[in-house]
Amino acid sequence: MSGLLESLKVKNYTLRNRIVLPPMQTGRASFEGEVTNRLINFYVRRSTHLGLPIVEHSYVSPTGKIGPKQLAIHNDSVIGGFEKLANALHKVDALAVVQISHAGGVTNKRVIGEIPAGPSPREKSRMLEASEVYALADDFESAARRAVEAGFDGVELHGAHGYLLNQFFSPLFNKREDEFGGSLEKRMHFPLLVAEKVRRILGGRLLLYRLGSDDLAPMGTHIEDSIVFARKLEQAGVDIIDVSGGMCGSEPRQLRQVKGYFVPQATAIKKEVSVPVIGVGGILEAEFADNLVRDGKVDLVAVGRAFWTDNQWAEHALETLKNCKFPAQITKPLSG
């Protein structure tokens, strides 16, 4: 059975190991959302021995910005900065993948300068018209084009943690009665439309989807819904499914004390799809992450907060696991 340090072939790309740096907003972009040298250094320092770095969520439209110093991929003026970031990652033999997002109804009027809009009206947001929903799908498509032009190897769609794609999927947020809401099939319509549009733009590059697999609420999304959705995402051309929380967020209070707290959802999804699945959730130790892969629970492991405090976590994991009873091969540089 493969371990954390062994390579993984996905399409035309080889990940040199199974360690993933998940997207975490660093606050290192400029106030206009531009790539800065400080942001580039953050990713390069953590990616020298990493299998898959995913650059933090970048808003596809000014109406989807969640806060200050968030990275932006909303117009062509940012392409040059992203090109510098992609080149810097490639120089350390790392893949360059960026997560693209829209915050929808949870944005703030003071941040975007207008009333936020989401699937359904809420206290501080209005409902998107159907024409606006289609326009937002085009915004995701344009953002993916910019990533391609900048030389990125892939894009991850942010469909978790209460962001727009997750809002459409979750019955807690989506109360629509048109083609984009109601039944599970209709709630999947917009995220799948976005996935299909972005897939066409990416060509042979990687498409990832961060799936909000469980709202942890009685009337919300449950794993059974997410299994159906994961199958649909695979059919739409998603290459890797990154399993996390839904409307409960990335660090739900009721699960925070459990190591690998979204791994059970990832394992349930892995059993039903043929594409690689990422597991996440408060994972700190290399041995624990290695066992998750060896036991077949997930294909890749995302380590977030540990990388935040230790930019050499991957190097330390290599040294730790090389001395374990399951020696793992240090793999070849990336290709693709």
Residue list for the range 105-130, filter: outside any loop (DSSP other than H, G, I, E, B) and under 17 Å from Ala72 (Cβ atoms)
Val111, Ile112
Give the range 145-169 a look and list any residue that's touching a strand residue (DSSP E or B) at 6+ places or on another chain (Cβ under 7 Å) and part of a loop (DSSP other than H, G, I, E, B), or say none.
Phe152, Asp153, Ala160, His161, Tyr163
When residues of the range 30-56 are limited to those that are small (Gly, Ala, Ser) and outside any helix (DSSP H, G or I), the one farthest from the chain's Cα centre (by Cα)
Ser30
Residues Ile79, Ile66, Ile54: which one is aliphatic (A, V, I, L, M) and out of contact with any helix residue (DSSP H, G or I) (no Cβ under 9 Å at 6 or more places or on another chain)?
Ile54
Note down all Cβ pairs under 7 Å where the first residue falls in the range 87-116 and is on the phi > 0 side of the Ramachandran plot, the second is surrounded by 14 or more Cβ atoms within 10 Å (Cβ to Cβ) and part of a helix (DSSP H, G or I), and they're at least six residues apart or on different chains.
Gly104/Gly64; Gly104/Leu164; Gly104/Gln167
Could you look through the range 37-51, keep only residues that are β-branched (Val, Ile, Thr) and in contact with a helix residue (DSSP H, G or I) (Cβ under 6 Å, 6 or more places away or on another chain), and pick out the one that is nearest to Ala144 (Cα to Cα)?
Ile40
For residues that are within 20 Å of the chain's Cα centre (by Cα) and among the basic types (Lys, Arg), scanning just the range 134-187, find the one that is nearest to Lys232 (Cα to Cα).
Arg187
Would you tally the residues in the range 210-249 being assigned to a loop (DSSP other than H, G, I, E, B), hydroxyl-bearing (Ser, Thr, Tyr) and closer than 21 Å to Val20 by Cα?
1
Kindly indicate which of Ile227, Ile241, Ile223 is in contact with a helix residue (DSSP H, G or I) (Cβ under 7 Å, 6 or more places away or on another chain), without any contact (Cβ under 8 Å) to a residue 40 or more places away in the chain and of a type in the set (A, V, I, L, M).
Ile241
Counting only residues in the range 287-323 that are of a type in the set (Lys, Arg) and part of a helix (DSSP H, G or I), the one farthest from Arg38 (Cα to Cα) is identified as Arg294
Pull up the range 136-178, narrow it to residues that are surrounded by fewer than 24 Cβ atoms within 10 Å (Cβ to Cβ) and in contact with a Lys or Arg (Cβ under 6 Å, 6 or more places away or on another chain), then point me to the one that is nearest to Lys11 (Cα to Cα).
Glu141
Within the range 250-274, how many residues are in a loop (DSSP other than H, G, I, E, B) and either within 15 Å of the chain's Cα centre (by Cα) or farther than 21 Å from Val10 by Cβ (or both)?
13
Pairs, first under 12 Å from Arg200 (Cβ atoms) in the range 131-157, second at pLDDT 95 or above and in a loop (DSSP other than H, G, I, E, B), C-beta under 6 Å, six or more apart
Phe140/Val60
Does Gly27 satisfy the condition of being in contact (Cβ under 8 Å) with a residue 40 or more places away in the chain, assigned to a loop (DSSP other than H, G, I, E, B) and touching a Lys or Arg at 6+ places or on another chain (Cβ under 6 Å)?
yes
Is it true that some residue in the range 187-209 is assigned to a loop (DSSP other than H, G, I, E, B) and in contact with a strand residue (DSSP E or B) (Cβ under 8 Å, 6 or more places away or on another chain)?
yes
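The values are calculated or read from the model by the stated rules, or taken from the named source; none is laboratory data. These numbers come from a predicted model, not from an experiment. We place every Cβ from the backbone using ideal geometry, glycine too, and count neighbours over all the protein chains shown.
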